[in-house]
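Trainee: Okay, handing you the structure first.
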Amino acid sequence: MGEAFLVRKGGGVDASDATAIESDIISGKTAYIDDSGEAKVGTMPIVYPTVQDHLQAVADPVYGTFSSDKPTQPYLYTRIKTDGQPNTVAYTGVNWVRTEESKVANVVGLTADKITKGNTILGVTGTGSSNVFDFPLSIQDSQPTPVKSGHIWVKSSTLASKITYMSIQESLWAGTPNNSLQFVVGETAYNYIYMKETKRLTSGGNDITTENRQNNGGLQEWIVCSSTSPVVEYKLSRPMVYSTVNGVLDIETAYMWNGSAWVLLCQKGNYLAVDTGTSSMAIYNNNGNSLAYHSETKIDSRDGHFSGDGTYYASYGGVLKRTGDVFTKYFDIPRNMTLYDDSYSVSGVSISADGMTLGVTYYGYGSNGKYNYALVVYKNNGSTFNVLDTISIGIDYTGGSDMQVVTNANGTAIAVCYRNGNTGNSICIVFIDGNNCTKVNCGAPAVGGYFGAWDKINCMWLHGNQIYIKGSATGGSSKDQGIFINTLDFTNKTVAVNGRKLSMDTTSYYSPKHNHCVSTKDGGLYYVIPSSSDVVTLYYYNISNNSIYSLITARKYEYCYGVAVNLTNDRLAILGKTSSSSNNYYLDYYSLSRDDNAKTLTLTELQRLTYSNSSSGYGMSFCPH
C-alpha cells in the first residue's frame, strides 16, 4: 500500500515549530518562519559593539572631496583597518573615517593669525605676517582702502614702477641709492617696543606667558610692525617721505592711516618765501631756473621759515598752512606775553621739519632788574598749536634781545642761545619727550686749561644727535674760535661736550639769524659774510669731511638779510643790500654746484629781483629744504 504526501505551497518544510518572528531577524534579511509560504523581512536593528581600542590608520590622511560624497566643504579622510581588531565584528576590511576640516582646525587650535597672510590651511585663511616691517605701503594716485593702522600711502602715479629700495632713517641720507624711498623719523632712540609670547619648559609643564615692553620716549604714531602670534608691536615717530629717482632727491605727498583717517605726513611743492621788510611775505614758485611771483601775505615774517615740506610756514607773525597751492593763517603767535608777572616780547621762532613742534623764544627786562629769557613749546594737534610747556631759559643782569632758537627735524629737541653778560652767550637744550620737557645746559669746552664759556655765537644748528656751534669759547684770557660739536643723549637727556671740531676765524660777528642756512640733505652750513668794500664770500662747511669751501661771489652785499638753499642743494638765494644809503634790496637766485673732491663751489646767477623799501626784510626759506 503506497504513502501519500501533502505538498505545501512552494514546497519546503514544515515551519509549525518555528519560534522566530520578524523582530528576531536582522534588519534587511529574510526567512520563512510560518506556514504562509512567504519569506519574512527582519526588523532587528544592527547595533555595533563599542570599540575601546584606538584603531590604526593604514595610510596617510587624504584631504579633499570624493565623488560619492556631497559635502559643502573639503574633509579630512583617514583609512583604518578593522580586520582582527577587538570588538569590530560588524565590518571587516579597509574603511574611511572623515571629519570636517573646520572641526580639525578647531581641535588643533589653528587660527588665522598663526598662518602667514596669503596662505590657507584647513579652510583657515592666514592673516599673520612673516615680515619685520609689515606696515602696508601703497604707491598710487588714488586713495587706497586702508588695511590697518600704520598704512602709508605715497600719492603718486609714476613712482610705483621705479622704487626698488626703501629705508627708515633718523635724518636724510645723502648717499641713498637711486630709485628709492626714505622714511625720515628723527631719533629712532624714541620708540615703542612690545613683545609677548608663551614659553614652555624643556621638561614640559605649564605654559609661561613672557612679556617685554619698552616705551623709550617721544611721540610714536607710526606702527612699523604689528603681529598677534607672537605678539609684536614696534612704533616710531610719524615719517617724512622722500624719493630719489634718476639722481634727484624730492619730497613726496604722503599720508598715514591712524585707524580712523588718512593723516597728511608731507606734500610736494617748490616755493621760496621772502620777508620783504614791509610786514609782509612774498611767496614765489620755484620753477627751477626762475622765480615766479605767487602771492603776498600781510604778516610779520621775520625769522620765517618753512617746515621741511612747506606745509607750514612759521614767523613772528604766526603760522601759515599750505594746502596744495593755497596759504592760509593757521595759528597766531602771541607777540607779547605776561610770564612770571613780567611782560615778554617774542624774539625768535623755529618750527620742526615735520611741522609738529613750534619753539618761540621771549625776552623781557623784568621787575627784578634783570634780563629774563623764556621758551614756549607748542605742539600741533592737527587744527592749531597748543602750549606744551613754558620754560625759563635764563636770567642775567646784562643782556639783549638777540636770541637764537633752532628745532631738530622731528621736534624732540630745541636749542636756545641767549645773551649772558655784555658780550657772552649761553646755550641750553630742551629735550621734548612726549608731554615732558627737560632743560639741559649746553656747555663750552675747556680753553687754555680753564673752565670754558661761550663768548660769541654766530650760529648753531641741530643735525642727527649733535649740535653744531659756530662761534668762540673763552677760558681765562684765552679764546678758541671755530665750529664746535656737542652730542645729545636722548635717552638720558644729557649733552656731552666734545670740543672744537674745526678751527676758524669767527671774529666777523654778524646777526646770526640772517646770514646762514643749513642743508637738510647733508647737515652742511652755507653762510655769507657781508663786506662794505668788496664783493662777498659764500662759504660752505661740510660736516662729512670737516672742511670749509669758499667762493667769491660776483655781487656786493654790505648787508645780508637772508640765505636759503633748496632740498637738492642745487639752488641758492641771497637777500641783501649793496649800501646803507640805498633803499634797494636785492634777491639773487643762483644755480649752485659743489665739488667735494676739489672742495669748491660754483654759482651761476639765474635771476635778480629788486625791492624798494624803507625797511629791510629778515629771513628767507625754500621748500622743500
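The values are calculated or read from the model by the stated rules, or taken from the named source; none is laboratory data. What you are looking at is a predicted structure, and each value in this text was computed from that prediction instead of being measured. We place every Cβ from the backbone using ideal geometry, glycine too, and count neighbours over all the protein chains shown. We work out accessible area using only protein heavy atoms, side chains counted, and drop any ligands, DNA or RNA first. Shrake-Rupley method; radii C 1.70, N 1.55, O 1.52, S 1.80 Å.
Trainee: With in a loop (DSSP other than H, G, I, E, B), outside the structural domain of A105 (by the TED database) and over 17 Å from the mean Cα position of the chain (by Cα) as the only criterion, which of K148, K162 stands out?
Mentor: Working: K148 fails: over 17 Å from the mean Cα position of the chain (by Cα).
One residue alone meets the criteria, K162.
Trainee: Scan the stretch 234-271 for residues that are assigned to a loop (DSSP other than H, G, I, E, B) and open to solvent by less than 20 Å² (accessible area, probe 1.4 Å) and jot them down.
Mentor: Selection gives S237, P239, E252, Q267, G269.
Trainee: If the requirement is being part of a strand (DSSP E or B), closer than 29 Å to H625 by Cα and open to solvent by less than 10 Å² (accessible area, probe 1.4 Å), which of these qualifies: S350, S426?
Mentor: Result: S350 is the single residue among S350, S426 that is part of a strand (DSSP E or B), closer than 29 Å to H625 by Cα and open to solvent by less than 10 Å² (accessible area, probe 1.4 Å).
Trainee: With respect to T188, is the statement that it is open to solvent by less than 80 Å² (accessible area, probe 1.4 Å), touching a strand residue (DSSP E or B) at 6+ places or on another chain (Cβ under 6 Å) and in a loop (DSSP other than H, G, I, E, B) true?
Mentor: So T188 does not fit the description; no.
Trainee: Given the structure, is Y450 closer than 29 Å to I574 by Cβ and touching a residue at least 24 places away in the same chain (Cβ under 8 Å)? I'd like the intermediate steps shown before the answer.
Mentor: Values: closer than 29 Å to I574 by Cβ: no; touching a residue at least 24 places away in the same chain (Cβ under 8 Å): yes.
When the stated conditions are applied, Y450 does not pass them.
Trainee: Restricting the search to the stretch 309-339, which residues are open to solvent by 50 Å² or more (accessible area, probe 1.4 Å), farther than 19 Å from V416 by Cα, touching a strand residue (DSSP E or B) at 6+ places or on another chain (Cβ under 7 Å) and in a loop (DSSP other than H, G, I, E, B)?
Mentor: Matches in the stretch 309-339: D332 only.
Trainee: Can you pull out the residues in the stretch 290-344 that are among the acidic types (D, E) and within 18 Å of G269 (Cβ to Cβ)?
Mentor: E296, D309, D325
Trainee: Name every residue in the stretch 322-333 that is among the hydrophobic types (A, V, I, L, M, F, W, C) and modelled with pLDDT under 95, in order of residue number.
Mentor: V326, F327, listed by residue number.
Trainee: Going by the structure shown, is S167 open to solvent by less than 50 Å² (accessible area, probe 1.4 Å) and either in a loop (DSSP other than H, G, I, E, B) or not β-branched (V, I, T) (or both)?
Mentor: For S167, the condition - open to solvent by less than 50 Å² (accessible area, probe 1.4 Å) and either in a loop (DSSP other than H, G, I, E, B) or not β-branched (V, I, T) (or both) - is met.
Trainee: Run down N287, N336 and say which single residue is under 18 Å from P624 (Cβ atoms) and either of a type in the set (K, R) or at pLDDT below 95 (or both). Outline the logic, then answer.
Mentor: Details: N336 fails: under 18 Å from P624 (Cβ atoms).
Every option except N287 fails the conditions.
Trainee: Then there's this: Within the stretch 611-622, identify whether any single residue is of a type outside the set (G, A, S), surrounded by fewer than 20 Cβ atoms within 10 Å (Cβ to Cβ) and in contact (Cβ under 8 Å) with a residue 60 or more places away in the chain, and answer yes or no. I'd like the intermediate steps shown before the answer.
Mentor: Of all residues in the stretch 611-622, those of a type outside the set (G, A, S) come to 611, 613, 618, 620, 622.
Then keep just the ones that are surrounded by fewer than 20 Cβ atoms within 10 Å (Cβ to Cβ); that gives 611, 613.
This time we only want the ones that are in contact (Cβ under 8 Å) with a residue 60 or more places away in the chain, so: 611, 613.
Yes, the conditions are met somewhere in the stretch 611-622.
Trainee: With respect to T398, determine if the residue is among the polar types (S, T, N, Q) and over 22 Å from S352 (Cα atoms). Quick ask: steps written out before the conclusion?
Mentor: Details: among the polar types (S, T, N, Q): yes; over 22 Å from S352 (Cα atoms): yes.
So T398 passes the test.
Trainee: Here's another thing I want to ask about it. List the pairs whose first member sits in the stretch 185-200 and is free of Cβ contacts under 8 Å to residues at least 60 places away in the same chain and more than 15 Å from Y234 (Cα to Cα), whose second member is in a strand (DSSP E or B) and open to solvent by less than 30 Å² (accessible area, probe 1.4 Å), and whose Cβ atoms are under 7 Å apart, counting only residues at least 6 apart or on separate chains?
Mentor: none
Trainee: Given the residues E187, E197, which is the only one that is at pLDDT below 90 and touching a Pro at 6+ places or on another chain (Cβ under 6 Å)?
Mentor: Details: E187 fails: touching a Pro at 6+ places or on another chain (Cβ under 6 Å).
Exactly one residue qualifies, and that residue is E197.
Trainee: Return the residue satisfying two criteria in turn: it lies in the stretch 401-416 and is open to solvent by less than 20 Å² (accessible area, probe 1.4 Å) and touching an Asp or Glu at 6+ places or on another chain (Cβ under 9 Å), and of such residues it is modelled with the lowest pLDDT.
Mentor: Result: N410.
Trainee: Same structure, new question: Pick out the one residue from C225, C266 that is within 14 Å of the chain's Cα centre (by Cα), closer than 23 Å to G318 by Cα and in contact (Cβ under 8 Å) with a residue 24 or more places away in the chain.
Mentor: Numbers: C225 fails: closer than 23 Å to G318 by Cα.
Exactly one residue qualifies, and that residue is C266.
Trainee: Would you confirm whether or not the stretch 382-389 contains a residue that is under 14 Å from I333 (Cα atoms), in contact (Cβ under 8 Å) with a residue 60 or more places away in the chain and either open to solvent by less than 40 Å² (accessible area, probe 1.4 Å) or among the aliphatic types (A, V, I, L, M) (or both)?
Mentor: For the stretch 382-389, residues under 14 Å from I333 (Cα atoms), in contact (Cβ under 8 Å) with a residue 60 or more places away in the chain and either open to solvent by less than 40 Å² (accessible area, probe 1.4 Å) or among the aliphatic types (A, V, I, L, M) (or both): present.
Trainee: Further question on the same structure: Taking R213 as meeting all but one of (1) open to solvent by less than 70 Å² (accessible area, probe 1.4 Å); (2) without any contact (Cβ under 8 Å) to a residue 60 or more places away in the chain, write down the number of the exception.
Mentor: Just one mismatch for R213, condition (1).
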